Amino acid sequence: MKRWLHLWRWWILLGLFWALVAAGLTGYSLQRRDDIIAEELDRLATQTKVVEENLARQLTVIDATLQAIRHDVPNWRGSAVQKLQGIQTLNHMEVAMSASPALLVLDDQGVIALSNRTELIGRDFSARDYFQVPRKSPSARTLYVSPPFLSALDTYVISLTRAMFNAQGQFAGVVSVIMDAHDSHTLLNSVRYSPDIVAMLFHGGGALFIREPPAATMAGVTEALPVDQLSGLMAGNAPLVVTQMAWPSQVQVNLVALRRVAPAALAMDQPLVVAMTRPRKAVLVTWRQNVVSAAAAVFLLAITSALVLSMTQRQRAQKIMESKRLKLATEASQVGIWEFDLITRVYQWDAAMFKLFGLDPKNASPRNDEWIKLLPQADLQRMRAATRDTIHQDKPFDMTFQIRRPDAQVRHMRNRAALYCDDQGVPRRLIGATEDVTRRKQEEADLRVAAVAFESNESMLVTDAQNQVLRVNQAFVRLFGFDVHDMVGQRPSKLKSTRHESSFYQAMWQQLLAQHHWQGEMWNVHQDGHDILCWLCITAVCDDAGAVTHYVANYTDITARKAGEDEARQMAFFDPLTQLPNRRLLQDRLSQAMANARRNGTCLALMYIDLDKFKPVNDSLGHAVGDTLLQSVSQRLLSCLRESDTAARIGGDEFVVLLPTVNMCSDAVDVAKKIHAQLRLAFELTTGQTVHISSSIGVVIFPEHGEDEATLSLHADMAMYNAKAAGRDQVVLYHEGLHS
């Protein structure tokens, strides 16, 4: 009992120590997590303050403009000259207010009397909220803020409105500034210091006005702003709210900062609300990694300390030795007797054991463990695993393994052993017997090889476990041209083709060793030197213990079938006339290039090229000449590009060039100009004709001119058509002013 308490006292103390360490680490990690969240919420709140200050300045300027317009409206209601003066004044105000596309003056019936958008004058907007609300509750002091709505210009906007009154104090209409989203988009995007941050601007009623980055949610749709939880913010009692919550339409928890935008001097009937959210999970990525690393370190240290304690106790434990010999066979039966001391790790052999292994007992080391070097690594690992199972689970020890004796003979041995324990049940030694079973193993292996290798009439090759060829069948001889005597004793690498990298063969052998089977396409070499594409199946032949004894390979010639598949692929992805990629392959390469550009933060360029004067050539000289000209055009395109670039034909005389990486916009324009210059040079065709053509080229840059494939292609096509509309024979870089 005392001995048991002495042994376990140290284990209990060690467990208590690591429990305290784990508790302290947990507490620190949780506190650090809370600090990170608090810091991130403070940062989000700071960014909302930046937006609030900018919006407040914009709103103040807009309100001053409304006040000025309201003051001057009576001076513009007289003659046509006065009305024209009012329109001109509104146009001047528009120039100073880039965020306001429309300035409106509505009379008491809701009809637009004056506007910087002359096409709107005379239209009835009495149904608009920004007219109805001031009309129902007129106030000279209130700045009315409308919910987002779809304007007559087909964009989502917000209206800021002041009511007008006549000399008798009666409602006389409204003056309104329509505030679009362009500048606000830029402002919200500028405060997003991380790609996973979402910045939004809401109307006080809960309707979404702007979202960066844009999403499927349309502007003007109520995003279910959590008014119930944040009534203080909406009522004006709290200008800022920071919290953690699952934003509507999302499952994950976000860190949220909401700030009210409502300068007191403006007396707004509804505030604007700035919202910035970031996934809580993204904020805590580094924290989680640190927690996992710290936990792993503590775990490894705990395991290490436990191992050290275990080894120390084993070294201090009393060594009790009791000898027990078990004779399983006699010297005449070629059975050797051995013992293995689990404490000292020393082997004791009789004379028969040394004879079986071909070792000299006079040269044995103190531990007598030279025989370990005679075993393959795999067999050694199996033996150690079987020994552990016998010691810890009392499993019978009975295994067969292979050795290569010092005289180079490869022999198969069978080991059987029993475990001996002391009076306390502690394992002390293994006592066993070994016999040579080489002849029996060879006979069993021959039967297995015969059953596996020659059941098929296809090309077959058999090797031993060391991958030396033992036999091949006649189908193999017919396929590869090597005679049986050419292959026996060699390695299958004699068929190795230079078409495969060394990594291919490494991966094949890794799978073969792990799963005892591999199949796939492989190029091999015929005796005359030409390559043959084969479907190769390799199967490992194992003995009763699962050790590999042979490999059987089956070769099927698929050269002709593969050539047909390649021809079909060529027809599916390449233009048959010019051999350039077609539209399908271009779309695939464009998709990959855009994915790489997004991941690496780089740019790419896309060019749409249309040949000028091609149709007259095709019509006057014939389609054969036209086809020859298109082939010459494709060659000139390729001469202007890098190997990584793509030139594709997508129509009769329409080509597309993809530059997957460009440093700046001017680089793409330079390439386009180079192509344009090349296509202006005379074409000396093989038919003897000399042809002159030109080209119209439209150029776009990702992501500047579009963030998806459809938009980028549309803008490239638009730039190309603008080049043609402007007189052809030129290069046009897309910009927002181009006509669709």
Handout entry: Meets criteria (at pLDDT below 85 and surrounded by 18 or more Cβ atoms within 10 Å (Cβ to Cβ)) for Met353
Key = yes
Completion exercise
Inside the stretch 672-706, the number of residues satisfying the requirement of being without any contact (Cβ under 8 Å) to a residue 40 or more places away in the chain and part of a strand (DSSP E or B) is 2
Handout entry: Matching entry among Ser194, Ser184 (being closer than 28 Å to Ala257 by Cα, touching a residue at least 40 places away in the same chain (Cβ under 8 Å), surrounded by fewer than 21 Cβ atoms within 10 Å (Cβ to Cβ) and not aromatic (Phe, Trp, Tyr))
Key = Ser194
Exercise for the section: Inspect all residues belonging to the stretch 185-202 and state whether any of them is acidic (Asp, Glu) and over 19 Å from Pro74 (Cβ atoms). Expected result: yes
Exercise for the section: Go through Arg589, Arg569 for me and flag whichever is part of a helix (DSSP H, G or I) and modelled with pLDDT under 80. Expected result: Arg569
Practice task
Would you be able to say whether some residue in the stretch 422-431 is β-branched (Val, Ile, Thr), in a loop (DSSP other than H, G, I, E, B) and not assigned by TED's automatic domain parsing to the domain that holds Asp543?
Solution key: yes
Exercise for the section: Only strands (runs of 3 or more DSSP E) wholly contained in the stretch 126-205 count here; list those with 1 or more residues that are under 23 Å from Val105 (Cβ atoms) and in contact with a helix residue (DSSP H, G or I) (Cβ under 9 Å, 6 or more places away or on another chain). Expected result: 156-165, 171-179
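Do we find that Ala80 is surrounded by 12 or more Cβ atoms within 10 Å (Cβ to Cβ) and among the hydrophobic types (A, V, I, L, M, F, W, C) in this structure?
Spelling it out, it is not the case that Ala80 is surrounded by 12 or more Cβ atoms within 10 Å (Cβ to Cβ) and among the hydrophobic types (A, V, I, L, M, F, W, C).
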Problem - Matching residues in the stretch 675-698 - criterion: being touching a Ser or Thr at 6+ places or on another chain (Cβ under 9 Å), over 13 Å from Leu630 (Cβ atoms) and crowded, with 17+ Cβ neighbours inside 10 Å - result: Ile675, His676
Exercise for the section: Residue by residue through the stretch 166-213, note down the ones that are more than 25 Å from Ser115 (Cβ to Cβ) and β-branched (Val, Ile, Thr). Expected result: Thr186, Val191, Ile197, Val198
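Does Arg478 meet the test of being over 18 Å from Val548 (Cβ atoms) and loosely packed, with under 12 Cβ neighbours inside 10 Å?
Details: over 18 Å from Val548 (Cβ atoms): yes; loosely packed, with under 12 Cβ neighbours inside 10 Å: yes.
So Arg478 passes the test.
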Completion exercise
Flagged in the stretch 707-740 as in a helix (DSSP H, G or I), more than 35 Å from the chain's Cα centre (by Cα) and among the aliphatic types (A, V, I, L, M), in numbering order, are Ala723, Ala725
Handout entry: Test: residue in the stretch 160-167 that is touching an Asp or Glu at 6+ places or on another chain (Cβ under 9 Å) and at pLDDT below 90
Key = yes
Exercise for the section: Could you check Gln519 against (1) of a type in the set (S, T, N, Q); (2) in a helix (DSSP H, G or I); (3) at pLDDT 90 or above and say which number it fails? Expected result: (2)
Handout entry: Single residue of Leu621, Leu641 found to be in the same structural domain as Arg584 (by TED's automatic domain parsing), in contact with a helix residue (DSSP H, G or I) (Cβ under 8 Å, 6 or more places away or on another chain) and not polar (S, T, N, Q)
Key = Leu641
Practice task
Name the single residue, out of those in the stretch 656-670 being among the β-branched types (Val, Ile, Thr) and crowded, with 22+ Cβ neighbours inside 10 Å, that is nearest to Ser644 (Cα to Cα).
Solution key: Val657
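Within the stretch 632-665, how many residues are in a helix (DSSP H, G or I) and modelled with pLDDT under 90?
0
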Problem - Odd one out for Glu455 among (1) in a helix (DSSP H, G or I); (2) at pLDDT below 85 - result: (1)
Exercise for the section: Could you check how many residues of the stretch 403-422 are without any contact (Cβ under 8 Å) to a residue 12 or more places away in the chain and more than 56 Å from the chain's Cα centre (by Cα)? Expected result: 1
Problem - Residue satisfying condition, being more than 28 Å from Leu266 (Cα to Cα), at pLDDT below 90 and more than 45 Å from the chain's Cα centre (by Cα), within set Gln82, Gln88 - result: Gln82
Handout entry: Residue check for Arg414: closer than 30 Å to Ile391 by Cα and either of a type in the set (Asp, Glu) or in a helix (DSSP H, G or I) (or both)
Key = no
Problem - Check on Val669, farther than 27 Å from Phe574 by Cβ and in contact (Cβ under 8 Å) with a residue 24 or more places away in the chain - result: yes
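The values are calculated or read from the model by the stated rules, or taken from the named source; none is laboratory data. Please read these numbers as outputs of a predicted model, since none were measured by experiment. Because the Cβ atoms are built from the backbone with ideal geometry, glycine has one as well, and the counts that use them run over all protein chains shown.
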